[in-house]
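Inspection log for the structure reproduced underneath, given as structure tokens.
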Amino acid sequence: MRVKKWVMATALMCSPLAFTSCTDVKDNSGEQQATISSERIAFEKQLSVQLQQLAQDVKIESAMESTNAISDFVASIDLDALKQKIDYILAKSVAGATTVKMESLNAQDKQAVATCLKERFKMTDAEIADLSVFSVIDANKALSTLTLTFKDGKCEAVYNEKTEGFCIEVVKPDGKTTKMVMKFGPAGDGVNLFATRLLKVTPLAIQLPESFDISLTTAKGNVMNGTIALSSKAASRYLSFNKSQWKANVVLNATVNGNKQSIALDASYEEDGHFAVSTSITASDKQILAMDAKGVKEAYSEEYLDGEELKALQDMGPIFSTCYGILRGLKGKIVKEFNITFGGELVFKGNCCDVAKSLLALGNLYKLWNTNPTFNTVDTYTQQLNQYLPFTVTQNSTNITAQGKFVTTMKGITHEEYQPAVALTFKGETEPQVMLNNMSATDRENYNKMMGNLNTLIQGCDKLLGSIVEKARQLGSTIKL
């Protein structure tokens, strides 16, 4: 879950085009240049071709079908009914737990377990030295035969050896069923995650397999399927999210009316303490959007993150609220390098020296959207983006690179409404020009179509994330993980 949240944070933090989709744009950054670089002419000519292609390719019906189906599924899970079964489920799981003696561990495992206990439970060296055993629950054995069925405000928990995987099904009043199934792969080189403490005494780890497959089936058929894998790159299988070497891979696929989409994610925590993440969206076997961030590492103190200014992120919607929780949990982040590629062609490359302040600026702009803000109000946050998010733009097919900058522009023609927009400076030019200004009406229409589809998907993900976070919060307060 943390990886998925971080991806959403990265998407909002890094995407320079997220707030530039509009019907028309008027530049307020100064007079138009008399001379236009030959590189700009070549760049914009190729961009016109690419926008036409992207407008046709960026169709997200499948992704939205899946996103909305997952949101509805999560919202339909009756937590009050589940809470009545939690003790029963935990008792069955704990009964199958394995006791591991500290003295039986090799040197690498013993060190890894000590690191996990310090970070997860704040245990001291003396407390760890006195600890003789801990428990491990095999997720495969505990869940692979369990089916939870929600119907009419009740939850039925059934263990059946013939079940092929952990299943949650929701039966709606009209009798239609939505079912999510998780099938566990082989134990192999899976990992052990420290999750909670039994009776506030014995540390408990959950053993995960190498991978597991998930699928979501509604009355419309199978609307989503995918694979999730988590592995340790270190010598030990006992995993700490903050200090172990680990790698996660997620691939989700959806097909509706023959239209195929997929979302792929890779994330890893390296030996030097750097966090790396990459993600991509593909439609009909064509890459629409790809992002990667490298050299992501801790940057801030708790005092910095607990300030009232940053706490405002909690009131800026589910994604920003989630981002604030991630920033606190991971002590904030800096990003040494990020790359965002549209359609395999347009590459935005830069870095971020203050993720927290960048998110805060984006959050404030998000709140201002469609409220007719003044130029000065918007420009305050535009300049903050320039301070924290320097970037360049490269067109792969022409191998042309321009220096990027955010400028505050007027949205529309008949009314004053301002927004940040991407402005570029090419070789031989001295002043940045807004990227959209020289577009034809057709190019602008294609651009708006592409960005409108992507923004719709982001809004759907925002809704989904809000549903999941709220359910997880309510469930966590019950079982005290």
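Here are some notes:
- Greater than 27 Å apart at Cα, pairs in 247/311; 122/233; 179/260: 247/311
- Per-residue extension of 0.36 nm, minus the Cα-Cα distance of residue 442 and residue 103, leaves a gain of 115.0 nm for this segment.
- Length gained on full extension, residue 311 to residue 124: 64.3 nm, using 0.36 nm per residue less the C-alpha separation.
- Once the 1.4 Å probe is applied to the protein heavy atoms, the range 178-247 comes out at 47 Å² accessible per residue.
- Projected over all directions and averaged, the alpha-carbon convex hull of the range 248-315 occupies 7.1 nm².
- Shape of the range 147-265, Cα gyration tensor, a/c cut at 1.5: oblate
- Between amide H atoms placed 1.01 Å from N, distances below 5 Å from residue 345 occur with no residue 5 or more places distant or on a separate chain.
- In the range 207-305, taking the dipole from charged Cβ atoms about the Cα centre, the farthest positive-side position among 241, 222, 261 is held by 222.
- Cα gyration tensor shape for the range 304-431, rounded if a/c is under 1.5, else prolate or oblate: oblate
- Here the extension length gained between residue 83 and residue 427 equals 117.5 nm, from 0.36 nm per residue of separation less the Cα-Cα distance.
- Of 210, 127, the order by accessible heavy-atom surface (1.4 Å probe, DNA, RNA and ligands excluded), from most exposed downward, is 127, 210.
- Charge tally for residue 148 (other residues, Cβ to Cβ under 9 Å; Lys, Arg +1; Asp, Glu -1): -1.
- Shown are 263, 319, whose ranking by accessible area with a 1.4 Å probe and every protein chain present, most to least, is 263, 319.
- Efficiency of FRET from Cβ geometry, residue 90 and residue 374, R₀ 56 Å, rounded to 0.05: 0.50
- Principal axis box of the range 231-357, alpha-carbon based, largest edge first, Å: 51, 41, 26
- Sequence ranges 151-163, 79-91, ranked by mean other-Cβ count within 10 angstrom, highest first: 79-91, 151-163
- The heavy atoms of residue 333 present about 10 square angstrom of accessible area, all protein chains included, probe 1.4 Å.
- Under the Karplus curve 6.51 cos²θ - 1.76 cosθ + 1.60, θ = phi - 60°, whole-Hz ³J(HN,Hα) for the range 79-89, x wherever Gly or Pro sits: 5, 4, 5, 5, 4, 5, 9, 4, 4, 5, 5
The values are calculated or read from the model by the stated rules, or taken from the named source; none is laboratory data. All values reported here derive from a predicted model rather than from experimental measurement. Positions of Cβ are backbone-derived with ideal geometry, glycine not excepted, and every protein chain shown enters the neighbour counts. Just so you know, the surface numbers come from the protein's heavy atoms only, side chains and all, with ligands and any DNA or RNA stripped out. Shrake-Rupley method; radii C 1.70, N 1.55, O 1.52, S 1.80 Å.
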